[in-house]
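Readers should treat all values here as calculations from the given coordinates under stated rules, not as data from a laboratory. These figures come from a predicted structure and were not determined experimentally. As a convention, Cβ positions derive from the backbone with ideal geometry for all residues, glycine included, and neighbour counts pool all protein chains shown.
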Amino acid sequence: MLKSNWNLLLAAAFGLAGATLSFGQEPTPLLTQPEDKLIAVLKSDAPQKEKADACRELAVIGTKSAVPALAALLGDNNLSHMARYGLETIPDPSVDAALRAALGKLKGRLLAGVIGSLGVRRDAQAVKPLAGFLSDADADVSHASALALGRIGTAAAVKALEGSLANAPAANQLSLCEGLLRCAEAFSAHGQAKSAAAIYDRLRHQPGMPHQVRAAALRGAILARGKDGWPLLRQALRESDYLLFAAALRTSQEMPGSEVTKLLADELSRASANQATFLAGRITPESAAAKLAERSPDRQIMLAEALGQRRNPAGLPVLLAVAQPGGKKGNDTAVRVAAIRALPEIGDASAAAGLADLAVDANREVAQAAQEGLAALPGPAVDTVVLAMLDSSDTDRRLAAIEVIGRRRMASAVPALLQAAGDPDAKVRPAALKRLGELAGPKDQPALLATLLKAQDAADLDAAEQALSAVCIRAGNPEASAAQLTSALATARPAQKGALLRVLSAVGGETARQAVRTAVTDANPEIHAAAIRALGDWRTADAGPELLALAQSVSNPADKSLCLRGALRLAADADQPAGERLALCRQAAGLAQQPDEKKLLLGALGGIKTAQSLALVAPYLDDASVKEEAGAAVVAIAGALLQAGDASLKPGLLDPLQKAAQLTGNADLARRAGDLLRQAQGSGR
């Protein structure tokens with residue numbers, strides 16, 4: 001907010017007219033001829049390009065000798081710009097004399113260009129003639145004169161600009177102001193702060209000045225005075241005019257030192273006071289309006305943002321105070337959040353304790369901002385504060401700590417989280433386990449396994465299962481992880497054993513698969529069902545044959561369906577080898593009896609783009625319950641085979657494609673099948 005407002009002010013203050021001309025270009029380093037030859041080119045009937053190139057080179061090597069030839073081109077519509085380009089860099093007073101002499105001979109664009117060059121060269125002797133052009137009827141000329149005088153930046157230039165400003169028409173006012181602002185900048189740059197401040201003060205106090213000029217003049221007046229500008233800064237921060245307030249605030253960012261930070265902090269503290277405090281006394285309506293403007297939430301937000309951007313710890317106490325809830329210092333949520341967000345920008349760990357308190361604020365938006373702030377603050381001291389939160393007796397505080405630990409990726413908090421995983425509070429335990437799943441490492445697997453085995457509540461067991469699965473997968477050593485997990489199966493209670501089987505399914509590998517397969521024969525129905533589901537959720541194709549074998553041997557229809565579906569899911573996985581997938585489909589074909597099972601089979605076959613898979617699909621075109629799925633599979637496979645370009649396969653595509661086109665009730669599918677059929681027959685579309 002602050003930055004964009006200031007950009008608007010600067011764009012208006014220093015881009016006061018769209019026709020600003022550009023002077024003082026960088027000369028080319030390319031040299032091809034000595035100076036006398038280049039001068040001769042300018043005096044000859046050479047083409048325009050050659051003369052322009054000569055001007056460009058004279059800008060590098062030109063001396064007093066080149067001035068007459070270059071000056072002679074100032075009235076040339078095509079070469080005046082390049083002539084000035086060459087003249088501006090020649091370090092001889094004859095250039096200034098030549099440019100001044102041209103003022104009375106030129107008009108319009110050419111005259112404006114010469115005026116601009118005098119400004120580039122900062123020719124103090126040009127002030128008087130340039131002053132005469134400030135009221136010129138040609139806007140380009142008057143504007144160029146004002147800017148040139150601003151660049152020259154002498155007391156005489158200031159006098160000329162101020163004299164014209166008093167009675168200037170509105171069209172010329174901004175150009176004159178820009179010239180004066182440039183003069184003031186020049187005075188400041190040369191150590192003439194009082195003279196600069198005087199110009200700025202006249203501009204900001206003169207009635208009728210546009211707001212962008214007043215804003216730019218206010219900035220200059222504050223900066224020109226150095227430390228003596230602090231009272232003016234404070235006064236401007238209390239302005240009822242929002243644009244001047246914004247200009248002052250942005251100006252403060254150019255002023256170093258803790259004193260300025262404290263000044264801003266004082267203003268934020270003042271602005272955040274309760275409105276009743278301002279209105280309690282006997283004050284005029286105008287004063288009341290000013291006080292209300294001072295405490296505007298928007299202004300408080302901008303002050304808080306400015307304090308954060310200064311990155312100075314002197315602003316911390318007020319920001320923390322403004323962020324507090326309730327009481328006479330109570331603020332809007334947006335103000336509190338802005339103050340909180342400014343704290344991590346300062347980057348001082350001393351803000352951590354205050355943010356820790358705010359992280360459990362009743363206002364959810366405030367609490368969220370405080371947690372984000374704690375997460376963003378750097379340093380081990382902040383970690384210490386967060387761990388102290390986790391050690392609190394307050395549930396909300398512990399939960400907030402767990403959230404921040406995750407945001408900070410605090411691996412150092414794993415021991416504390418393992419302890420919190422056994423917390424008496426039912427909200428804390430699963431939250432801690434969730435973070436352990438993100439932060440714990442292989443060395444923490446035994447502790448997580450022990451936590452899972454001790455879990456009593458379903459929520460705790462599920463959280464421990466998810467955490468253990470995540471850590472084991474991240475460890476990247478499935479056999480070692482499976483060995484730890486299987487060692488606990490024998491003594492685990494049924495619910496915990498089921499959770500371990502699911503973790504083994506996620507981990508994968510030979511040891512894990514054998515352990516889950518063995519558990520399928522467990523006499524406990526709960527464990528048996530968990531093992532079937534775990535095997536059905538296996539991630540690699542090596543479980544496929546066992547799933548199909550179980551689908552043939554189990555008596556429970558639900559178990560059979562789970563196994564078959566698990567095998568077909570693996571067969572449909574494009575990441576698995578195509579040969580293994582096709583083998584699974586062949587074995588599953590005899591077991592898929594229900595329409596939904598057949599559809600799964602056809603979906604898997606449709607993803608295997610071989611003649612063998614097409615042969616397995618073809619019989620299902622005559623099955624009314626799945627003919628549409630079969631047709632879609634035929635089109636998918638045939639399209640891939642035709643695209644591969646093996647002509648020997650075309651004869652085998654004709655019958656399946658013809659059937660697919662005839663039997664489907666889907667017009668789009670029929671069209672696609674027909675197109676492929678004609679392609680297979682060799683007739684294209």
Report task. Determine Rg/Rh for the range 92-174; Rg is computed over alpha-carbon atoms and Rh is the Kirkwood hydrodynamic estimate from the same atoms. Result -> 0.94
Report summary line: So the FRET efficiency between Ala362 and Asp391, C-beta based with R0 = 22 Å and rounded to 0.05, is 0.50
Query raised in the report: How big is D, in µm² s⁻¹, for the range 472-577 by Stokes-Einstein at 10 °C and 1.306 mPa s if Rh is the Kirkwood radius over C-alpha pairs?
Result: 116 µm²/s
Query - For the range 609-685, size of Cβ-based charge dipole, Lys and Arg +1, Asp and Glu -1, in debye - result: 280 debye
Query raised in the report: Any idea what the dipole of the range 57-209 comes to, in debye rounded to 20, about its Cα centre with Lys/Arg Cβ at +1 and Asp/Glu Cβ at -1?
Result: 280 debye
Report task. Answer with one residue from Ala638, Leu621, Leu663: the one whose Cα lies farthest towards the positive end of the charge dipole of the range 609-685, charges on Cβ with Lys, Arg +1 and Asp, Glu -1. Result -> Ala638
Query raised in the report: Given only helices, namely DSSP H runs of n ≥ 4 each adding -39500 (n - 2.57), what is the per-residue ellipticity at 222 nm of the chain, to the nearest 500 deg cm²/dmol?
Result: -21500 deg cm²/dmol
Query raised in the report: By the scheme Lys and Arg +1, Asp and Glu -1, what is the net charge of all other residues having a beta-carbon under 14 Å from that of Val127?
Result: +4
Query raised in the report: If we sort 306-318, 553-565, 639-651 on the protection proxy, mean other Cβ atoms within 10 Å, highest first, what's the order?
Result: 306-318, 553-565, 639-651
Report summary line: Per-residue Cβ contact counts at 10 Å, fewest first, order Met302, Met209 as Met209, Met302
Query - Label-point separation in nm, Lys37 to Gln484, each point 7 Å along Cα→Cβ - result: 8.2 nm
Report summary line: By Cβ neighbour count within 10 Å, fewest first, Arg336, Arg238, Arg671 rank Arg671, Arg238, Arg336
Query raised in the report: For the pair Gln594 and Ala640, how long in nm is the line joining their label points, each one 7 Å along Cα→Cβ?
Result: 2.7 nm
Query raised in the report: Which of the lysines could a cross-linker span from Lys194 if the Cα-Cα distance has to be under 19 Å and same-chain partners fewer than 8 positions apart are dropped?
Result: Lys159, Lys227
Query raised in the report: For the range 196-244 and the range 510-558, what is the separation of their C-alpha centers, rounded to whole Å?
Result: 81 Å
Report summary line: Helix 333-346 sits off the longest principal axis of the Cα atoms of the chain, rounded to the nearest 10 on a 0 to 90 degree scale, by 80 degrees
Query - Projected area averaged over orientations for the range 394-534, convex hull of C-alpha atoms, nm² - result: 7.8 nm²
Query raised in the report: Reported to two decimal places, what Rg/Rh ratio describes the chain when computed on Cα atoms with Rh from the Kirkwood expression?
Result: 1.21
Query raised in the report: Using only the Cα atoms, what convex hull volume per residue in Å³ does the range 409-474 have?
Result: 66 Å³
Report task. Treating the angle as unsigned and between 0 and 90°, give the value, to the nearest 10°, between the Cα long axis of helix 395-408 and the longest Cα principal axis of the chain. Result -> 70 degrees
Report summary line: Log10 I(q)/I(0) at q = 0.13 Å⁻¹ for the range 609-685, from Debye over equal alpha-carbon scatterers, is -0.31
Query - Environment charge at Gly373 (Cβ cut-off 11 Å; Lys +1, Arg +1, Asp -1, Glu -1) - result: 0
Query raised in the report: At a Förster radius of 25 Å, what calculated FRET efficiency corresponds to the Cβ-Cβ distance of Arg311 and Ile473, to the nearest 0.05?
Result: 0.05
Query - Distance between the range 140-165 and the range 411-436 - C-alpha centres, whole angstrom - result: 72 Å
Query raised in the report: When we measure straight from the Cα of Lys454, which lysines land under 22 angstrom away, once same-chain ones fewer than 8 places off are left out?
Result: Lys427, Lys434, Lys443, Lys497
Requested in this report: Extending each Cα 7 Å along its Cβ direction at Gln253 and Thr154, get the distance between those two points in nm, one decimal.
Outcome: 3.8 nm
Query raised in the report: So which lysines pass the test for Lys43, namely a Cα distance under 19 Å, with those fewer than 8 places away in the same chain ruled out?
Result: Lys51, Lys64
Report summary line: Percent relative contact order for the range 171-235, counting Cα pairs under 8 Å at least six residues apart, stands at 29 percent
Query raised in the report: Once fully extended, how much extra length lies between Asn77 and Asp655, figured as 0.36 nm per residue of separation less the alpha-carbon to alpha-carbon distance?
Result: 200.0 nm
Query raised in the report: Quick one: length gained pulling Ala667 to Lys194 fully straight, 0.36 nm per residue minus the C-alpha distance?
Result: 161.6 nm
Report summary line: With the dipole of the chain defined by +1 on each Lys or Arg Cβ and -1 on each Asp or Glu Cβ, the option from Pro47, Ala551, Leu174 whose Cα lies farthest towards the positive pole is Leu174
